[in-house]
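Asks: Next up is a structure, given as structure tokens.
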Amino acid sequence: MLTRKAPAKINLFLKVFGPRSDGYHEIQSLMQKITLYDELTFSLSDDIVLTTDADIPVKENLAYRAAMLLRDAFKVDQGAEIKLKKNIPIGAGLGGGSSDAAAALLGLSELWSINCSREDLCGIAGHLGSDVPFFLYGALSFAYGRGEKILPKRIHKSFTVLLVKPDIFVSTAWVYKNFMGDRAEFNSISAQSNAELTKKTEKVNNIEHFIRIFEKEEFKNLSDAVLNDLESVTAKEFPVIDEIKDKLRKQGAVFALMSGSGPTVFGFFETRNRAEKASEAFSSYWTAIAETIID
């Protein structure tokens, strides 16, 4: 029996550009794994069987789909029993399903003794979702293209984050569909606000500069640089996003940002004790305290 942990992720920034010919959007994102995990166990079986506490039909579960694609791609004549214990909320913007898929690819390639490279697995991962390739790499990566192109990076310090998820469902497809319409509206606002957006964009496009700010713990500069283009779409429909961000800052977060398409918002705290104290203010929401993972 093999066991693998599947970590959640947060987007330290997410810049979204126009739609591509394949229907996806071009993105640039700095993605960071954190110490909130799903857990998968694998054992040999005659067929592929997935048991999980997740409220998702088995055939739609990304871990199951990953297993089927891997077996077909390498013509494996064995099956596997996969047990998936969920701790990462579904549809939270934390990449739980994508991480489960990546863990399944890694775990089953070992269980089935498949001789394959990470590039081989990334080829399969790209068919499962744009975030899945990221989870085949290290703790921190710059993702671009539709998210499937990965450039590993490194931050040598770990930081504490408080995750807060309101009890709402956000469709990633809906957010991206509405992004361009909101962007057109956003572009019609004052020149001053456009200048502020441009200033932020210039900062986050310099990845190495962004990472150095983290390393030096220059949180004041960091709060001016973090950006999530999708936040305006989700927060417009669900004002609770901005309410949580404001409350996190009032509770001592050095900055707060929505992860992915939402609805989870995370705040960076200087110590775990401060994060634990702040979490008491969010008793009506799902919360978790985690650390950023370093390789």
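Asks: Within the range 14-28, can one find any residue that is within 17 Å of the chain's Cα centre (by Cα), surrounded by 23 or more Cβ atoms within 10 Å (Cβ to Cβ) and within 23 Å of V164 (Cα to Cα)?
Replies: Yes, the range 14-28 contains a residue that is within 17 Å of the chain's Cα centre (by Cα), surrounded by 23 or more Cβ atoms within 10 Å (Cβ to Cβ) and within 23 Å of V164 (Cα to Cα).
Asks: Within the range 139-157, track down each residue that is in contact (Cβ under 8 Å) with a residue 60 or more places away in the chain and closer than 17 Å to F210 by Cβ.
Replies: Let us first name the residues in the range 139-157 that are in contact (Cβ under 8 Å) with a residue 60 or more places away in the chain, namely 139-147, 153-157.
Within the range 139-157, A139, L140, S141, F142, A143, Y144, K153, R154, I155, H156, K157 qualify.
Asks: Using beta carbons and a limit of 7 Å, which pairs, at least six apart or on different chains, have the first residue in the range 6-28 and outside the structural domain of L257 (by TED's automatic domain parsing) and farther than 16 Å from T292 by Cβ and the second one of a type in the set (S, T, Y) and assigned to a loop (DSSP other than H, G, I, E, B)?
Replies: Y24/S130
Asks: Still on this model: How about the range 121-139: which of its residues are more than 18 Å from G96 (Cβ to Cβ) and not β-branched (V, I, T)? Full working, then the answer.
Replies: Within the range 121-139, the first condition is being more than 18 Å from G96 (Cβ to Cβ), and the residues that meet it are 121-124, 126-127, 138.
Result: L121, C122, G123, G126, H127, G138.
For (1) of a type in the set (S, T, N, Q); (2) free of Cβ contacts under 8 Å to residues at least 24 places away in the same chain; (3) surrounded by fewer than 17 Cβ atoms within 10 Å (Cβ to Cβ), each residue gets a yes or a no:
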position	(1), (2), (3)
R212	no, yes, yes
E218	no, yes, yes
S223	yes, no, yes
D229	no, no, no
I241	no, no, no
I244	no, no, no
K247	no, no, no
M258	no, no, no
T271	yes, no, yes
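Asks: I would also like to ask the following. Got a sec? Which of I82, I114, I124 is at pLDDT 95 or above, among the hydrophobic types (A, V, I, L, M, F, W, C), crowded, with 24+ Cβ neighbours inside 10 Å and over 30 Å from L162 (Cβ atoms)?
Replies: Values: I114 fails: crowded, with 24+ Cβ neighbours inside 10 Å; I124 fails: crowded, with 24+ Cβ neighbours inside 10 Å.
One residue alone meets the criteria, I82.
Asks: Tally time: how many residues in the range 275-286 are surrounded by fewer than 24 Cβ atoms within 10 Å (Cβ to Cβ) and touching a residue at least 40 places away in the same chain (Cβ under 8 Å)? Write out each step before concluding.
Replies: Let us first name the residues in the range 275-286 that are surrounded by fewer than 24 Cβ atoms within 10 Å (Cβ to Cβ), namely 276-286.
Among the residues that remain, those that are also touching a residue at least 40 places away in the same chain (Cβ under 8 Å) are: 278-279, 282, 285-286.
Residues flagged as surrounded by fewer than 24 Cβ atoms within 10 Å (Cβ to Cβ) and touching a residue at least 40 places away in the same chain (Cβ under 8 Å) within the range 275-286 amount to 5.
Asks: If you don't mind, there's one more thing I want to ask. When you go through I289, I293 one by one, which is the residue that is closer than 22 Å to P152 by Cβ, surrounded by fewer than 20 Cβ atoms within 10 Å (Cβ to Cβ) and either in contact with a strand residue (DSSP E or B) (Cβ under 9 Å, 6 or more places away or on another chain) or of a type in the set (A, V, I, L, M, F, W, C) (or both)? Let's see the steps before the verdict.
Replies: Working: I289 fails: closer than 22 Å to P152 by Cβ.
Going through I289, I293 in turn, just one is closer than 22 Å to P152 by Cβ, surrounded by fewer than 20 Cβ atoms within 10 Å (Cβ to Cβ) and either in contact with a strand residue (DSSP E or B) (Cβ under 9 Å, 6 or more places away or on another chain) or of a type in the set (A, V, I, L, M, F, W, C) (or both): I293.
Asks: I want to confirm something. Restricting to the range 82-135 and keeping residues that are in a loop (DSSP other than H, G, I, E, B) and among the aliphatic types (A, V, I, L, M), which single residue is farthest from F42 (Cα to Cα)?
Replies: First pass over the range 82-135, keeping only residues in a loop (DSSP other than H, G, I, E, B): 86-95, 112-117, 129-131.
Checking which are among the aliphatic types (A, V, I, L, M) leaves us with 88, 90, 92, 94, 114.
On the way: I88: 19, I90: 21, A92: 25, L94: 23, I114: 15 Å.
That would be A92.
Asks: Which residue out of L44, L36 is surrounded by 14 or more Cβ atoms within 10 Å (Cβ to Cβ) and either hydroxyl-bearing (S, T, Y) or assigned by TED's automatic domain parsing to the domain that holds A103 (or both)? Can you show your working first?
Replies: On the way: L44 fails: surrounded by 14 or more Cβ atoms within 10 Å (Cβ to Cβ).
Every option except L36 fails the conditions.
Asks: Can you work out which of the residues in the range 193-224 that are of a type in the set (S, T, N, Q) and either touching a Gly at 6+ places or on another chain (Cβ under 9 Å) or part of a helix (DSSP H, G or I) (or both) is modelled with the lowest pLDDT?
Replies: As a first pass, look at the range 193-224 and keep what is of a type in the set (S, T, N, Q): 193-194, 198, 201, 205-206, 221, 223.
Add one more test, that the residue is either touching a Gly at 6+ places or on another chain (Cβ under 9 Å) or part of a helix (DSSP H, G or I) (or both), and what stays is 193-194, 198, 201, 205, 221, 223.
Values: S193: 43, N194: 47, T198: 50, T201: 50, N205: 58, N221: 71, S223: 71.
By that ranking, first place goes to S193.
Asks: Oh, and also: List the number of the failed condition for A173; all other conditions in (1) aliphatic (A, V, I, L, M); (2) in a strand (DSSP E or B); (3) without any contact (Cβ under 8 Å) to a residue 40 or more places away in the chain hold.
Replies: For A173, the failing item is (2).
Asks: Could I ask something else about it? Residue check: is G138 surrounded by 23 or more Cβ atoms within 10 Å (Cβ to Cβ) and part of a loop (DSSP other than H, G, I, E, B)?
Replies: No.
Asks: Same structure again: Quickly run through the range 29-52 and pick out the residues that are over 17 Å from the mean Cα position of the chain (by Cα) and in a strand (DSSP E or B). Reasoning before the result, please.
Replies: Taking the range 29-52 as the starting set, the residues that turn out to be over 17 Å from the mean Cα position of the chain (by Cα) are 40-52.
Residues satisfying the conditions are L40, T41, F42, S43, L44, S45, I48, V49, L50, T51, T52.
Asks: Which of the following residues is part of a helix (DSSP H, G or I), not assigned by TED's automatic domain parsing to the domain that holds P263 and not small (G, A, S): D72, D55?
Replies: Working: D55 fails: part of a helix (DSSP H, G or I).
Checking each option against the conditions leaves just D72.
Asks: In this structure, is D77 part of a loop (DSSP other than H, G, I, E, B), surrounded by fewer than 17 Cβ atoms within 10 Å (Cβ to Cβ) and either at pLDDT below 95 or assigned by TED's automatic domain parsing to the domain that holds S261 (or both)?
Replies: Against the criterion (part of a loop (DSSP other than H, G, I, E, B), surrounded by fewer than 17 Cβ atoms within 10 Å (Cβ to Cβ) and either at pLDDT below 95 or assigned by TED's automatic domain parsing to the domain that holds S261 (or both)), D77 does not qualify.
The values are calculated or read from the model by the stated rules, or taken from the named source; none is laboratory data. This is a predicted model, so every value here is computed, not measured. For neighbour counting, all protein chains shown are included, and Cβ atoms are generated from backbone atoms with ideal geometry for every residue, glycine included.
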